1. Please work out the C-alpha center-to-center distance from segment 227-277 to segment 303-321 and express it in whole Å.
2. Any idea what % of Cα-Cα pairs in segment 89-148 are farther than 16 Å?
3. List every residue whose amide H lies under 5 Å from the amide H of Asn187, counting only residues 5 or more places away in sequence or on a different chain, with H placed 1.01 Å from N in the peptide plane.
4. Just to confirm a number: summing +1 for Lys and Arg and -1 for Asp and Glu over residues other than Asn58 whose beta-carbon lies under 9 angstrom from that of Asn58, what do you get?
5. I need the phi-derived Karplus couplings for segment 33-47: 6.51 cos²θ - 1.76 cosθ + 1.60, θ = phi - 60°, integer Hz, Gly and Pro marked x.
6. How much of the pair distance distribution for segment 181-284 lies past 20 Å, counting alpha-carbon pairs only, in percent?
7. Under 5 Å between amide H atoms, partner at least 5 residues away or on a different chain: which partners does His271 have, H built in plane at 1.01 Å?
8. If you plug each phi of segment 299-309 into the Karplus form 6.51 cos²θ - 1.76 cosθ + 1.60 with θ = phi - 60°, what whole-Hz ³J(HN,Hα) values come out, in order, with x for Gly and Pro?
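Please treat every number below as a calculation from the coordinates, not as lab data. As the structure is a prediction and not an experimental result, all values here were calculated from the model. Cβ coordinates were reconstructed from backbone atoms using ideal geometry, including for glycine residues, and neighbour counts include every protein chain displayed.
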Amino acid sequence: MKPRRSALPLPRYVERKPLKSGWGYFFNVPTWARKAGCPVKNEPLGIDHDTAVARAENVLLPAFDSWRSGGASDASASAVAAPGTLDWVFAEYRADRRFTKLDKRTKRNHEVGFGLVGKYQLKDGRRLGAVRVALITTAITDAVYEKLLIVTETDAGGNVIERERRTTVNHAMKTCRRAWNVAARRNPGKLPLVNPFAKMGLRSSDRETPTATFAELQTFRAKATELGCPSLATAALLAWEWLQREEDIFGTFDVTHYRPKERPNTVRVVHEKKGEENWIPLLDERGQPLYPELTAELDGIKRERIGGLMLRRDWGSRIPWPSRSGDLSHMRHNVKKIIRAAGLRDALSFTSFRHGGFTEAADADLTDAEIRAQGRHKSAKVLPRYAKRTMKQVEAGAKKRRAVRTDGGHLSE
């Protein structure tokens, strides 16, 4: 009996054909492209519709389009790589749902890792990405890690400077480890059993994100307003008060989240990274504002807008700060310009204001549970990364210990 025809749409150059077990899917390169030497070949895509579509849209079509347009991006170069190479492992991961369901920023970080490792040049001149997986051993990945860890640059004065990029390289190795595991699961028996990117003993960077003080926050806000960027002044205070990440402040915080009709004295704070949201009260039990400066600025913005992102660029057509791909480089560039114009520490960044808010919370003797409730962290183990240890905390601890001795009648002198 002929299988019932599916009405599900198919990508370009993908055809369905009836098989005994159902409908089969096939990617067929046009005849004119084959005659012109297209490196992408015809390929059976199996009988599962979703898998076939993912393979065509994420691997085969990007490779075909790159060849047709003459482009040679890293992603497409990986896609046309011969099966069994490291580039092929990366392409298999890109085509898998465990990659496609990730947010844009995570995908972008993974692509950085693919490029960093895949483009590494071996002594024989080959890229590591072009090497067959059977030849990639733990000794090779360890050596590559050490080589990538240190980068040499030349400053404006012509001086050669070496710096460590441990966080970036660690993430690249973790990305490769993940891609290898996914590719092995998608292709049983086609990859070596030992993942050479696993158990590398990666050590985290000792560098901490510089934490801004409240005085530095005020200085930054004043200079941002002076330079015509009041949205960045408001954003810095928002990061300090509500402990929101920059991606959510500029890319998620909507006008409708602030004082909605059903809850006019609250704000909905979204934490996309954790997949959680937090409703924050704006008034106390007596009706007094909890965040008077911040609510005054946000009230002013909402009076002028019906919907859309709350914080936008302060000139022209007031487009969002993130680019279409979600990149915040333009915002970070402007923040750095304001920091330097204000004479603040050059090490500061926008993230420093969020860390400053966490540290202020710890200085104010908030419990771990109270801090986690505001920052939406599930574990207290990560709090030291944000709430830095300060002399005030040490002093408060000493006073509390002494109070216990005094109350018990056990004076130390």
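1. Between the Cα centres of segment 227-277 and segment 303-321 lies a distance of 13 Å.
2. That tail contains 50 percent of the Cα-Cα pairs.
3. Hits under the 5 Å cutoff: none.
4. Combined, the nearby Lys, Arg, Asp and Glu give 0.
5. So the J values, rounded to whole Hz, are 6, 5, 5, 7, x, 4, x, 7, 10, 4, 8, x, 10, x, 10.
6. So the pairs more than 20 Å apart make up 62 percent of the total in segment 181-284.
7. Glu276, Glu277, Asn278
8. With coefficients 6.51, -1.76 and 1.60, one gets 4, x, 5, 5, 4, 9, 9, 8, x, x, 4 Hz.
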